[in-house]
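All remarks here apply to the structure that follows.
The values are calculated or read from the model by the stated rules, or taken from the named source; none is laboratory data. Source: prediction; values computed, not measured. Only protein heavy atoms, including side chains, enter the accessible area calculation; ligands, DNA and RNA are left aside. Shrake-Rupley method; radii C 1.70, N 1.55, O 1.52, S 1.80 Å.
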Amino acid sequence: MTRRPPYFRKACNALLGLLSLISIVLAIGCMAWVLCTVCARGFGVLSADFLTSPCKPYGEEGAGIGNALVGTLLITGGAALLAVPPAMAAGIYMAEYGNGSRWAAFLRSAANIMMGLPSILIGLFVYVIIVVPTGHFSGLAGTVALAVIMFPIIMRTTEDMLNMVPPALRESALALGMTRMRATLCILTRAAKNGLATGVLLALARVSGETAPLLFTAMFAYSSPSGYFREPTANLPVLINEYTMNSPFESMHEIGWGAALVISLIILTVNIITRILFREQSR
């Protein structure tokens, strides 16, 4: 078998290294470009009044994002309450009880498929099963749509984090006379608590900026989110879409950029916390 000369291998290695470097620079450059643009356009409108004043119809002065910020927190927090318990239970089942079974393999495949679905399809699905029968948009419908998106992410992350726990810890807990359920809930989940929190934060970061599902479910409103269960609810993603795309007023465009900066900072903070927790879990 003939060997390629050393200079050929060195040339290939240098070429691949150069391509990798170019890819990294392009990715970081695009991300920096987006962040710099959002910061430059949105930083000027940030203030206490901007964060607390409610949004107003097109052309009115003194508009803010207060009610949209509260609506986003309600919708996202409600989605976490709906998705976290059953998703963690499913992840625990796949890692500890159904490992190797056909049912666990089916759940794993279904989760992978759900994670690849476009979010607009999930919004349309929730629109058909909740909005159409009830006859109105609502924050609750938006919560259900985001919970569906969060569910497979939390489930798969829970399974992966529990699989990272050393088998000796399971065996030690069982050797002390613990039942399998008690060992899982009291020992294994505590050992993987940083990883489990990482999965929840990843899911929250994933849905915090989703616009398409909320366009079909929560829609938008200028009032406070008091009608969360029966009325359209203000939220930041749809506010950004409405103010920057559908408004002819420059003042509304500025509010949209400010809202984009706020939601970017929220997602960035969640991602930083996630990286810290995941690094501790890996150690």
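Numerical summary
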item	result
Relative pair counts by distance (%), Cα atoms of region 202-269, 5 Å bins	4, 17, 23, 24, 20, 9, 1, 0
Heavy-atom accessible area order for 130, 276, largest first, 1.4 Å probe	276, 130
Potential lengthening between residue 186 and residue 249 on full extension [0.36 nm per residue; Cα-Cα distance subtracted]	17.0 nm
For region 103-212, fraction of C-alpha pairs farther apart than 24 Å, in %	41
10 Å-binned pair-distance histogram of region 66-117 (Cα, whole percent)	22, 36, 25, 13, 4
Accessible area in the full protein assembly, largest first, 1.4 Å probe, for 266, 240, 75, 272	272, 266, 240, 75
Residue-normalised accessible area of region 62-201, expressed per residue, 1.4 Å probe, Å²	47
Computed accessible area, residue 242, all protein chains, 1.4 angstrom probe, square angstrom	40
Residue-averaged 222 nm ellipticity for the chain, from DSSP H runs of 4+ at -39500 (n - 2.57), nearest 500	-22500 deg cm²/dmol
Cα-only Debye scattering, region 127-283: base-10 log of I(q)/I(0) at q = 0.21 Å⁻¹	-1.22
Shape parameters for the chain, alpha-carbon atoms, Rg then Dmax in Å	23.3, 78
Cα point-scatterer Debye curve for region 1-113, base-10 log of I(q)/I(0) at q = 0.12, 0.16, 0.20 Å⁻¹	-0.89, -0.92, -1.04
Share of carbon and sulfur in the accessible heavy-atom surface of region 88-162 [1.4 Å probe, %]	72
Karplus 3J(HN,Hα) series, Hz, for region 126-137 with 6.51 cos²θ - 1.76 cosθ + 1.60 (x for Gly, Pro)	5, 4, 6, 8, 10, 5, 5, x, 7, x, 7, 6
Which of 257, 103 is most accessible, then next, and so on - probe 1.4 Å	103, 257
Volume per residue of the C-alpha convex hull in region 152-240, rounded to whole Å³	124
Projected area averaged over orientations for region 139-178, convex hull of C-alpha atoms, nm²	3.9
Percent of Cα pairs exceeding the 11 Å cut-off, where the set is region 1-50	76
In Hz, Karplus ³J(HN,Hα) per residue of region 245-257 (6.51, -1.76, 1.60; θ = phi - 60°; x = Gly, Pro)	9, 10, 10, x, 9, 5, 4, 6, 4, 5, 5, x, 5
